[in-house]
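The values are calculated or read from the model by the stated rules, or taken from the named source; none is laboratory data. Since this is a predicted model, take the numbers as computed values, not measurements. For neighbour counting, all protein chains shown are included, and Cβ atoms are generated from backbone atoms with ideal geometry for every residue, glycine included.
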Amino acid sequence: MEFLPLFFDLKSKPVLIVGGGAVALRKARLLNQAGAVLTIVSKQIIPDLKALIESNSGHLVKENYSGQVSQGFALAIAATDNQDVNILVSQDAKSANIPVNVVDNPDLCTFIFPAIVDRSPVIAAVSSGGSSPVLARLLRAKLETVIPASYGRLSLLAEKYRDQVKAKFDHINLRRGFWEKVLGGMVADLVFAGKEKEAEELLQQELDSNRQHKRELGEVYLVGAGPGDPDLLTFKALRLMQQGDVVLYDRLVSQGILDLCRRDADMVYVGKARSDHAVPQEGINDLLVKYAKQGKRVLRLKGGDPFIFGRGGEEIEELSEAGIPFQVVPGITAAAGCSSYSGIPLTHRDHAQSVRFITGHLKNGTTNLPWSELAVDNQTIVFYMGLMGLPVICEQLIAHGMAESTPIALVQKGTTRDQKVVIATLSTMVETLKTDPVSAPTLIIVGKVVSLHNKLNWFNPAI
């Protein structure tokens, strides 16, 4: 994170703008909307800026900049076309511990202006960290289309009843349950329809009712996080990720996906690597039940798909026996994600009419697999968790009749910026890894379809 997003209260606060042209005018208009008292320092001031300052009880200093930034301002803005002046303003502000922005020069800034979606009192801000203001504005334009202006009115209605709700519900979970019902239900729909009087009446009815908006029993969301790329999450997964009070997440869930969870959720790592389980599976099951019985919504976030070698079935069996309600959200399994991002179709009319998903690491630690069924033509085999057993996999497939020249691919951290694909044959892969090693998590794909990689490989994480 290059910049921490913050929101300043500038009502009646003095703000300095050095510069008197069109750029200074744009900043002055924005700061004026925030209630700041503006001082403009510039020998030349365009008429529109002069009129704005005079009509809002600001101050005009028609002279060159000479250190005025040190005079107790809350913020300082340098908006001139003179680089020496901009540098001086930046240095003076930093010396006085005053936040400073130098327009279009992030290296001289201690804060930057975001692109703003104004639904006051709801404000959404988008920033590229100064690297691409145009991109930030494009993102703001997208947000403008999906955040109705009525969200501001809904926020004002919630603010009006905030103290009453706090007085009635003395626990944060109760208040949260009430507001989720109100802001996500008919009250909100009435506000969006312009029926604010009816919306307020319904809100008051909800507040006056004797129902305690308490989750006596929570719920578990078993969500597949996919193979790593956050863009591959489903809409439902994203929605539930924003609702979880507690997040239990695996080792294979990428940081980019974790960052999309609710910021104030309790994050509990329960990852498992080979012979290194942070929390045993039985312990994970117990945690799901324990948190749900506390009335919490529990997000169980699993890499890939929870029902494909994800032990999701074991977890919801435990929930079912305990009477805990749950939802299951499928995710893109590693086989689908890694094969797609490496340009290896799992099926193809000329190469494979079936595909088998195999776990390379069984519950008892062996690789005792039905090798004769696997070593057949026109079939793709995908091994999950098979990296440690790779020599045995290659050896047994050859021993059971698969050609030594059969292509094999290892896809490391598929769909992410760290994706790496190693291609060889059953007879050469073990030797290839001595000079071109990979690390877990790695998926193994065996079959003629691997030969299509060079032709169909479209994803270049280096770009």
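Worth pointing out:
- Residue check for SER12: exposed (fewer than 12 other Cβ atoms within 10 Å of the Cβ), in contact with a Gly (Cβ under 8 Å, 6 or more places away or on another chain) and hydroxyl-bearing (Ser, Thr, Tyr): yes
- Residue list for region 86-121, filter: over 19 Å from LEU6 (Cβ atoms) and of a type in the set (Asp, Glu): ASP92, ASP104, ASP107
- Counted residues, region 12-34 - those being modelled with pLDDT of 95 or more, out of contact with any helix residue (DSSP H, G or I) (no Cβ under 9 Å at 6 or more places or on another chain), assigned to a loop (DSSP other than H, G, I, E, B) and not hydroxyl-bearing (Ser, Thr, Tyr): 1
- Within region 34-44, the set of residues being closer than 17 Å to ASN82 by Cβ and buried (at least 20 other Cβ atoms within 10 Å of the Cβ) comprises ILE40, VAL41, SER42.
- Long-range neighbours under 6 Å by Cβ, at least six apart or interchain, first residue assigned by TED's automatic domain parsing to the domain that holds VAL223 within region 254-270, second surrounded by fewer than 19 Cβ atoms within 10 Å (Cβ to Cβ) and not acidic (Asp, Glu): GLY256/PRO230; ILE257/PRO230; ARG262/GLN242; TYR269/ALA278; VAL270/ALA278; VAL270/VAL279
- Scope region 55-85; condition free of Cβ contacts under 8 Å to residues at least 24 places away in the same chain and either closer than 20 Å to PHE3 by Cα or in a helix (DSSP H, G or I) (or both); matching residues: SER55, GLN83, ASP84
- Hits in region 91-105 - residues which are in a helix (DSSP H, G or I) and surrounded by fewer than 18 Cβ atoms within 10 Å (Cβ to Cβ): GLN91, LYS94, SER95
- Within region 387-413, residues that are in contact (Cβ under 8 Å) with a residue 24 or more places away in the chain and closer than 10 Å to SER427 by Cα sit with their Cβ atoms under 8 Å from residues that are part of a helix (DSSP H, G or I) and among the small types (Gly, Ala, Ser), at 6+ positions apart or across chains, in these pairs: PRO407/SER451.
- Taken as a whole, the condition of being free of Cβ contacts under 8 Å to residues at least 40 places away in the same chain, in a loop (DSSP other than H, G, I, E, B) and of a type outside the set (Phe, Trp, Tyr) does not apply to LEU88.
- Number of positions in region 119-142 that are among the aliphatic types (A, V, I, L, M), outside any helix (DSSP H, G or I) and under 18 Å from ASP104 (Cα atoms): 2
- Matching option when the condition is under 18 Å from CYS109 (Cβ atoms) and either surrounded by fewer than 20 Cβ atoms within 10 Å (Cβ to Cβ) or not assigned by TED's automatic domain parsing to the domain that holds ALA79 (or both), among LEU60, LEU31, LEU6: LEU6
- Selection status of ALA193, of a type in the set (A, V, I, L, M), surrounded by fewer than 16 Cβ atoms within 10 Å (Cβ to Cβ), farther than 30 Å from LEU443 by Cβ and at pLDDT below 85: yes
- Taken over region 157-177, residues that are under 16 Å from LYS296 (Cβ atoms) and either assigned to a helix (DSSP H, G or I) or in contact with an Asp or Glu (Cβ under 6 Å, 6 or more places away or on another chain) (or both) amount to 6.
- The number of residues in region 21-54 that are more than 36 Å from the chain's Cα centre (by Cα) and in contact (Cβ under 8 Å) with a residue 40 or more places away in the chain comes to 1.
- Residue satisfying condition, being on the phi < 0 side of the Ramachandran plot and modelled with pLDDT under 95, within set VAL422, VAL392, VAL411: VAL392
- One residue alone among VAL438, VAL422, VAL450 is free of Cβ contacts under 8 Å to residues at least 24 places away in the same chain and under 35 Å from the mean Cα position of the chain (by Cα), and that residue is VAL422.
- Residues in region 22-37 that are closer than 15 Å to ASN101 by Cα and touching a strand residue (DSSP E or B) at 6+ places or on another chain (Cβ under 7 Å): ALA24, LYS27, ALA28, LEU31.
- Looking across region 168-187, just one residue is modelled with pLDDT of 85 or more and more than 21 Å from GLY295 (Cβ to Cβ), and that is VAL187.
- Set PHE7, PHE3: member being under 17 Å from VAL102 (Cβ atoms) and in a loop (DSSP other than H, G, I, E, B): PHE3
- Checklist (1) free of Cβ contacts under 8 Å to residues at least 12 places away in the same chain; (2) closer than 30 Å to GLU159 by Cβ applied to SER120, failing item: (1)
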